1. What are the residues in the stretch 200-215 that are in contact (Cβ under 8 Å) with a residue 24 or more places away in the chain and either part of a loop (DSSP other than H, G, I, E, B) or closer than 22 Å to SER122 by Cβ (or both), if any?
2. Hey, can you tell me all the residues within the stretch 110-158 that are assigned to a helix (DSSP H, G or I) and over 20 Å from LYS193 (Cα atoms)?
3. If you scan the stretch 77-94, which residues turn out to be at pLDDT 90 or above and more than 16 Å from LEU167 (Cα to Cα)?
4. Do you know which of the residues in the stretch 95-120 that are small (Gly, Ala, Ser) and over 25 Å from the mean Cα position of the chain (by Cα) is modelled with the lowest pLDDT?
5. Within the stretch 119-178, count every residue that is in contact with a strand residue (DSSP E or B) (Cβ under 9 Å, 6 or more places away or on another chain) and of a type in the set (Asp, Glu).
6. Going by the conditions given, is ALA74 modelled with pLDDT under 85, surrounded by 13 or more Cβ atoms within 10 Å (Cβ to Cβ) and of a type in the set (A, V, I, L, M)?
7. List the pairs whose first member sits in the stretch 83-109 and is within 18 Å of PHE153 (Cβ to Cβ), whose second member is surrounded by 15 or more Cβ atoms within 10 Å (Cβ to Cβ) and charged (D, E, K, R), and whose Cβ atoms are under 7 Å apart, counting only residues at least 6 apart or on separate chains?
8. Residues of the stretch 130-140 being surrounded by 17 or more Cβ atoms within 10 Å (Cβ to Cβ) and of a type in the set (Phe, Trp, Tyr), which ones?
Amino acid sequence: MLNIRFTSQILGLSNIEKEVAGVLHQRSQKNKPVVKPKITLLFPFKSLFFIEIMNKFSLENKRPVLECPEEETAYETAVMEKTTPLETIWKKYLEISQFYSDCRVQVQESFYFDCHKVMLVSSGKFFKNLFLLGFMESHNWAINLREINSKIFEYILCFIYFEDEFLNLHVKTLKEEDWIALLKTTQYLTLHKLQSFCERSLVELLTIGNAFVLLDLAVIYNFEILEKGCLQFITSKYFVPSKFPLKFSLVIILLI
């Protein structure tokens with residue numbers, strides 16, 4: 001066939017040349033192996049499952065275009081990764097404490113917190129007397145409160161700097177033992193509003209198992225809201241007639 005093609009070219013027989021070229025093309029197409037189109041995956045998976053999905057939905061070999069947010073600060077990124085409302089409040093405090101802090105409070109475990117005297121003074125009588133009555137701390141940068149747990153003082157700072165947000169926290173945000181420790185510390189620091197909030201939170205956490213323990217705590221430290229809540233809870237659980245005074249009802253329960 002090739003000889004006929006070359007002969008036709010020499011003799012100038014163009015028609016025969018075209019017919020021979022057509023036959024050669026048909027033969028080459030028959031003998032040519034069928035090559036399936038390759039699918040290039042952009043995912044780190046090379047299983048038949050993803051190939052079938054791509055073929056089924058005719059997915060194009062294109063990378064998804066993601067909308068990139070504007071550049072964020074480290075603080076904004078931390079807020080985006082928050083897990084609880086309390087952590088959000090704490091991160092806000094950390095942001096504020098970096099600017100114009102004029103005192104440093106040192107607590108247990110050698111932890112310290114940079115604070116603003118004006119915020120501490122506005123919180124209650126303890127810090128007001130500490131800074132305004134000529135004590136040594138009023139002239140020093142560092143304030144020593146080593147009797148206070150660092151975790152509890154974090155909660156106190158969240159309340160001092162962001163009172164409204166802290167008072168809207170759910171009662172189960174803190175554990176029962178944290179509420180008790182916070183309550184004792186608020187009495188020491190004369191934070192009356194936070195003290196009342198802690199007492200009401202513990203009343204909501206009352207159970208048959210902890211009612212008498214919290215009542216004992218309320219009597220020792222003179223927590224009136226907590227004491228009243230414990231008495232009401234105990235008398236309601238033991239079906240004491242409501243016509244008796246709360247403390248008298250408790251005496252009846254103990255005698256039984």
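The values are calculated or read from the model by the stated rules, or taken from the named source; none is laboratory data. Bear in mind the structure is a predicted one, so any value in this text is a computation, not a measurement. Cβ sites come from the backbone with ideal geometry, for glycine too, and all protein chains shown count toward neighbours.
1. LEU205, LEU206, ILE208, ASN210
2. Selection gives SER110, PHE131, LEU132, MET136, GLU137, SER138, SER150.
3. Correct list: LYS91, LEU94.
4. The selected residue is SER110.
5. Of the residues in that region, 2 qualify.
6. No.
7. Close Cβ pairs (under 7 Å, with a partner that is surrounded by 15 or more Cβ atoms within 10 Å (Cβ to Cβ) and charged (D, E, K, R)) amount to ILE89/GLU165; TRP90/GLU154; SER97/ASP114; SER101/ASP114; ASP102/LYS117; CYS103/LYS117; ARG104/ASP114.
8. PHE131, the sole residue that qualifies.
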